[in-house]
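Trainee: Dumping the structure here so I can ask a few things about it.
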Amino acid sequence: MQTSNLKPLDNAAQYGWACVGWFGTVAGASTWMLCTGVFLIANGDTFAGMIPVASGLITLATGVVLWKLRDRLSINNAMIVLLAVTLVTVSIAIACTVWIASPDMLARLRWPTNPIPMIAFLTLILGAGIWTNYSQATRQDKFETRDNKTLDRSR
């Protein structure tokens with residue numbers, strides 16, 4: 001039996017796929033869009049409601065597809081994709097709801113009238129998440145030997 005002299009640089013950065021964690025993230029990212037869309041459709045604002053519903057379904061479908069590909073994807077790369085898709089779908093859902101829904105419907109939703117601060121905040125938060133997962137993914141490919149030489153496993 002041959003032993004390797006390689007050890008991960010950062011053991012804390014190595015985490016794996018977990019069903020509850022993954023689908024909790026996916027549900028949290030998509031459920032509010034589905035609920036907003038259903039509320040708008042149920043109250044007669046069909047066109048305005050279709051966009052958040054479609055955005056929520058796209059986010060949900062992305063999560064399911066990434067889960068099915070989990071044997072070929074690292075969790076970090078999958079999170080980067082999910083966060084990027086969520087950034088786009090949430091921004092579209094927010095902006096279109098503000099611009100298309102009637103003022104009465106926005107008041108009933110207690111929705112802000114200007115989407116820019118919400119979209120900017122989400123961009124900042126999701127951008128930080130994408131960066132964090134990207135940096136974790138690149139660190140997982142680096143290993144040190146016992147004599148402190150760094151090797152790149154990604155090549």
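Trainee: Order these peptides, 95-108, 27-40, by their mean beta-carbon neighbour count within 10 angstrom, highest first.
Mentor: Packing order, densest peptide first, comes out as 27-40, 95-108.
Trainee: Could you check the simple spin-label distance between residue 68 and residue 47, using points 7 Å along Cα→Cβ, in nm with one decimal?
Mentor: Reported label-point gap for residue 68 and residue 47 is 3.4 nm.
Trainee: What distance in nm separates the two pseudo spin-label positions at residue 84 and residue 25, each 7 Å out from Cα along the beta-carbon direction?
Mentor: 1.5
Read-outs throughout are calculated quantities, based only on the coordinates presented, and are distinct from any laboratory measurement. Remember, predicted model here, so these are calculated numbers, not experimental data. Neighbour counts are summed over all protein chains in view; Cβ atoms, including those assigned to glycine, are modelled from backbone coordinates with ideal geometry.
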